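A.B. asks: One structure coming up, written as structure tokens, with questions to follow.
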Amino acid sequence: MVDDEEQVARLLFYPQMIRNGELEPSAFPMDELLAKKGKNGSSLDRCHFLKDRDGLLRQKAEEKQNPAGKRSAFGFCVANVGKIRAISEAESEDPALQVLADRITENDPPEPWDDAHALMRKHRDDYTRANLRGIRDHLSKAFSELVEFY
């Protein structure tokens with residue numbers, strides 16, 4: 001379980017997630033939020049599990065980047081889990097998103113951030129792309145409170 005008081009980070013890649021120095025809603029791709037096309041949700045990192053948050057997130061972003069595919073490490077953004085869970089879909093007062101601990105266990109040897117991994121995904125299966133567009137706007141605001149660029 002990921003507590004409401006925890007902070008989680010999302011890696012940012014340029015150019016698809018940043019425009020004019022601002023976080024774009026595309027930082028949270030629809031396929032991830034819908035858990036489609038082999039995606040289980042949006043990957044996050046639980047900040048309190050990262051002994052050197054800034055350094056480890058930079059290292060991870062550099063490993064995951066693909067400049068040839070127009071995906072260059074750019075930074076990260078941070079949000080409070082309670083604020084994520086406070087986002088609701090217009091038709092409901094239930095939380096629209098859930099944040100789940102998702103420790104990575106298949107790496108041998110483990111990466112220094114494997115214990116910190118979490119997944120964010122939709123709370124209900126009946127959300128459509130239209131539902132999630134509004135939710136994603138609120139999500140972008142929650143993560144815009146702390147954005148670190150490299």
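The values are calculated or read from the model by the stated rules, or taken from the named source; none is laboratory data. Keep in mind that what you see is a predicted model, and the values were worked out from it rather than measured. Because the Cβ atoms are built from the backbone with ideal geometry, glycine has one as well, and the counts that use them run over all protein chains shown. Heavy atoms of the whole protein, side chains included, go into the accessibility calculation; ligands, DNA and RNA do not. Shrake-Rupley method; radii C 1.70, N 1.55, O 1.52, S 1.80 Å.
A.B. asks: For Phe76, are the conditions met, namely being of a type in the set (A, V, I, L, M, F, W, C), farther than 21 Å from Ser140 by Cα and at pLDDT 95 or above? Steps first, answer last, please.
C.D. replies: Numbers: of a type in the set (A, V, I, L, M, F, W, C): yes; farther than 21 Å from Ser140 by Cα: no; at pLDDT 95 or above: yes.
No; evaluated as a whole, the condition is false for this residue.
A.B. asks: Looking only at region 99-112, which residues are surrounded by fewer than 20 Cβ atoms within 10 Å (Cβ to Cβ) and under 16 Å from the mean Cα position of the chain (by Cα)?
C.D. replies: Residues of region 99-112 that are surrounded by fewer than 20 Cβ atoms within 10 Å (Cβ to Cβ), as a first pass: 100-112.
Scanning region 99-112 gives Leu100, Ala101, Asp102, Arg103, Ile104.
A.B. asks: To continue, here is another question. Does Glu5 satisfy the criteria of being in contact (Cβ under 8 Å) with a residue 60 or more places away in the chain, surrounded by 13 or more Cβ atoms within 10 Å (Cβ to Cβ) and on the phi < 0 side of the Ramachandran plot? Steps first, please.
C.D. replies: Working: in contact (Cβ under 8 Å) with a residue 60 or more places away in the chain: yes; surrounded by 13 or more Cβ atoms within 10 Å (Cβ to Cβ): no; on the phi < 0 side of the Ramachandran plot: yes.
No: the conditions fail for Glu5.
A.B. asks: Pull up region 31-53, narrow it to residues that are modelled with pLDDT under 90 and either closer than 18 Å to Ser144 by Cα or crowded, with 18+ Cβ neighbours inside 10 Å (or both), then point me to the one that is nearest to the chain's Cα centre (by Cα).
C.D. replies: Leu33
A.B. asks: Of the conditions (1) in a loop (DSSP other than H, G, I, E, B); (2) of a type outside the set (Asp, Glu); (3) open to solvent by less than 50 Å² (accessible area, probe 1.4 Å); (4) at pLDDT 95 or above, Leu57 clears all except one; give me its number.
C.D. replies: (1)
A.B. asks: Any idea which of (1) part of a helix (DSSP H, G or I); (2) touching a strand residue (DSSP E or B) at 6+ places or on another chain (Cβ under 9 Å); (3) within 23 Å of Pro110 (Cβ to Cβ) is the one Leu33 doesn't satisfy?
C.D. replies: Tallying (1) part of a helix (DSSP H, G or I); (2) touching a strand residue (DSSP E or B) at 6+ places or on another chain (Cβ under 9 Å); (3) within 23 Å of Pro110 (Cβ to Cβ), Leu33 fails exactly one: (3).
A.B. asks: Which count do you get for residues in region 81-98 that are assigned to a strand (DSSP E or B) and either surrounded by fewer than 19 Cβ atoms within 10 Å (Cβ to Cβ) or basic (Lys, Arg) (or both)? Walk me through how you get there before you give the answer.
C.D. replies: Residues of region 81-98 assigned to a strand (DSSP E or B): 88, 95, 97-98.
With the extra rule that they be either surrounded by fewer than 19 Cβ atoms within 10 Å (Cβ to Cβ) or basic (Lys, Arg) (or both), the set shrinks to 88, 95, 98.
Count: 3.
A.B. asks: Sticking with this structure for a sec: Whether any residue in region 122-134 is part of a strand (DSSP E or B) and crowded, with 18+ Cβ neighbours inside 10 Å is what I want to check.
C.D. replies: So the first thing to find is which residues in region 122-134 are part of a strand (DSSP E or B), and the list is 122.
Now narrow it down to the ones that are crowded, with 18+ Cβ neighbours inside 10 Å: 122.
Yes: one or more hits.
A.B. asks: Go through region 135-147 and give me each residue that's assigned to a helix (DSSP H, G or I) and either of a type in the set (Val, Ile, Thr) or open to solvent by less than 60 Å² (accessible area, probe 1.4 Å) (or both).
C.D. replies: Let us first name the residues in region 135-147 that are assigned to a helix (DSSP H, G or I), namely 135-143.
The answer is Ile135, Arg136, Leu139, Ser140, Ala142, Phe143.
A.B. asks: Here is a follow-up. Among what's in region 69-117 and is of a type in the set (Val, Ile, Thr) and either touching a Lys or Arg at 6+ places or on another chain (Cβ under 6 Å) or touching a residue at least 60 places away in the same chain (Cβ under 8 Å) (or both), pick the residue that is farthest from Lys51 (Cα to Cα).
C.D. replies: Ile84
A.B. asks: Cβ-Cβ under 6 Å, sequence separation 6+ or interchain: first residue in region 23-47 and within 17 Å of Leu12 (Cα to Cα) and of a type in the set (Ser, Thr, Tyr), partner open to solvent by 30 Å² or more (accessible area, probe 1.4 Å) and in a loop (DSSP other than H, G, I, E, B). Which pairs?
C.D. replies: Sorted first by the residue in region 23-47, then by its partner, the pairs are Ser26/Gln16.
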